[in-house]
Each structure stands twice: as C-alpha cells, then as structure tokens.
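The values are calculated or read from the model by the stated rules, or taken from the named source; none is laboratory data. Predicted model only: the values in this text are computed from it and were never measured. Cβ coordinates were reconstructed from backbone atoms using ideal geometry, including for glycine residues, and neighbour counts include every protein chain displayed.
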Amino acid sequence: MALRHAILAALSRGKPRTGYDLNSSFNDVNDRAWHASPSQVYSELTKMEKLGLIDISERNQRGRTSYIINDEGLDELRRWLLHDQPDHGVRDDAMLRLLNLWTLDDADAAYLLDAEVTFQRQRQFSLTHLLSNWEEEREDYDSPVWRSRRALYTLWLRQTTLTLDWLDELRVVLEHPEIPVPDALEGAAPARA
C-alpha cells in the first residue's frame, strides 16, 4: 500500500481534511492501518493534487489547505482495492524487540516487556472507550463508512487483548526457564490428532 492510497482512503470518507488532520489520523494509536511522517504526507498531497487525484476545497489566509477526493481519486482508490495485491508483510518494531529480549539481562528484558504491556493497555483502554461511546460521538454512526470503521476497531481491540494475554505468557517464559515453552504459552503446542 502506498501512502497515496492511505490518503485517498482517508479522504473518501467525504470530509475535507488538511495535511495536519491526515497526520493526526495516521499517528493515532487507535488507527493501526498506516503510519506516515508529516513531511511524507505533505509531499504526497502536493503530488496527488498535480496528478488530479484530489482537489483543494479551501485555503485560508494562513495557508491552511483542506483537500477532498475527486472522481479520479475515487477511481484510483477503487482500482487499487480491486486490482493490487495487498502487502501482508508487517514491519513491527515492537515485536522485533520482543523477539530479541534474549540478548538483554533480566532487568532490561523486564523493563522492555513492561513498556510494551503499558502501551498495549493504553491502546486497549482507548479502543474500549472509543467503541463504548461510538453512537454518542458520531451523528452518522450507522453509515457504511463508520460501520466499517467500527468493525475494524473491534478487530483491533480483540488483537490488543490477545497481545496482552500473550505478553503475560511471555513473561512466564522469560522468568521461568524451567517451564517448557508449550506449557507456558497457550496454543504453542500443536493440537494432537
């Protein structure tokens, strides 16, 4: 997925958005679909406008510019959805760190594990709050856009809860080397036929 398609997807919700708005959504801990730096977003918006995929909906006196998706941009988003193969590869810095905890002493490994647990608990709290207040915070909560988003946030909450369970089990693996890994991790041993 290119940043271009992430921007088109964000703009397809029908609301004009500034580069700042897009940066905020791409860096929202609850929205795990895409991450981009501000310089990447602003550069891509300029390219997309030149390619005719988006239009400027408003530019105020201070230069704050809002963009909307146009028909060409919507066509490109649909083309990408239907014809480009998804990239199932994941670059996950946190998981790479957890995979290499064995290189650290016990105190440093525990610190890193605690930090990840704290992050995941914050994400779990935030997603739970978001989903609990879904209908109160959106006028059009039952529109196709928001129904899809709600379903995705529900998936992310489930994944976060599963990750927290796994982190608890990983702590057992690290702190009790006498326990075999399949005994410490639920599902680590393949089911026997």
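For the stretch 124-141, a residue qualifies if it is surrounded by fewer than 14 Cβ atoms within 10 Å (Cβ to Cβ) and not in a helix (DSSP H, G or I), and the qualifying residues are N133, E139, D140. Of note, T103 satisfies the criterion of being β-branched (V, I, T) and exposed (fewer than 11 other Cβ atoms within 10 Å of the Cβ).
If you go through the stretch 92-110 and keep only what is in contact (Cβ under 8 Å) with a residue 12 or more places away in the chain and more than 22 Å from H35 (Cα to Cα), you end up with L101, D106, A109, A110.
Residue-by-condition table, conditions (1) under 20 Å from the mean Cα position of the chain (by Cα); (2) of a type in the set (D, E); (3) in the same structural domain as A10 (by TED's automatic domain parsing):
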{"site": "E76", "(1), (2), (3)": "no, yes, yes"}
{"site": "L127", "(1), (2), (3)": "yes, no, no"}
{"site": "L131", "(1), (2), (3)": "yes, no, no"}
{"site": "D142", "(1), (2), (3)": "no, yes, no"}
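Taking the conditions exactly as written (without any contact (Cβ under 8 Å) to a residue 12 or more places away in the chain and either surrounded by 14 or more Cβ atoms within 10 Å (Cβ to Cβ) or of a type outside the set (K, R) (or both)), does P144 satisfy them or not? Answer is yes for this residue. Checked against the criterion of being modelled with pLDDT under 90, surrounded by 13 or more Cβ atoms within 10 Å (Cβ to Cβ) and part of a helix (DSSP H, G or I), the candidates R149, R121, R97 yield just one match: R149.
Is at least one residue of the stretch 46-58 of a type in the set (D, E, K, R), touching a strand residue (DSSP E or B) at 6+ places or on another chain (Cβ under 9 Å) and either assigned by TED's automatic domain parsing to the domain that holds Q159 or surrounded by fewer than 12 Cβ atoms within 10 Å (Cβ to Cβ) (or both)? Among the residues of the stretch 46-58, at least one is of a type in the set (D, E, K, R), touching a strand residue (DSSP E or B) at 6+ places or on another chain (Cβ under 9 Å) and either assigned by TED's automatic domain parsing to the domain that holds Q159 or surrounded by fewer than 12 Cβ atoms within 10 Å (Cβ to Cβ) (or both), which makes the answer yes. Residues of the stretch 69-112 that are under 18 Å from W166 (Cα atoms) and of a type in the set (K, R): R97 alone.
Being modelled with pLDDT under 90 and either closer than 18 Å to R13 by Cα or not in a helix (DSSP H, G or I) (or both), is that true of even one residue in the stretch 64-71? Checking the stretch 64-71: at least one residue is modelled with pLDDT under 90 and either closer than 18 Å to R13 by Cα or not in a helix (DSSP H, G or I) (or both).
Which one of these does F26 not meet: (1) loosely packed, with under 13 Cβ neighbours inside 10 Å; (2) within 30 Å of T163 (Cα to Cα)? Result: F26 passes all but (1).
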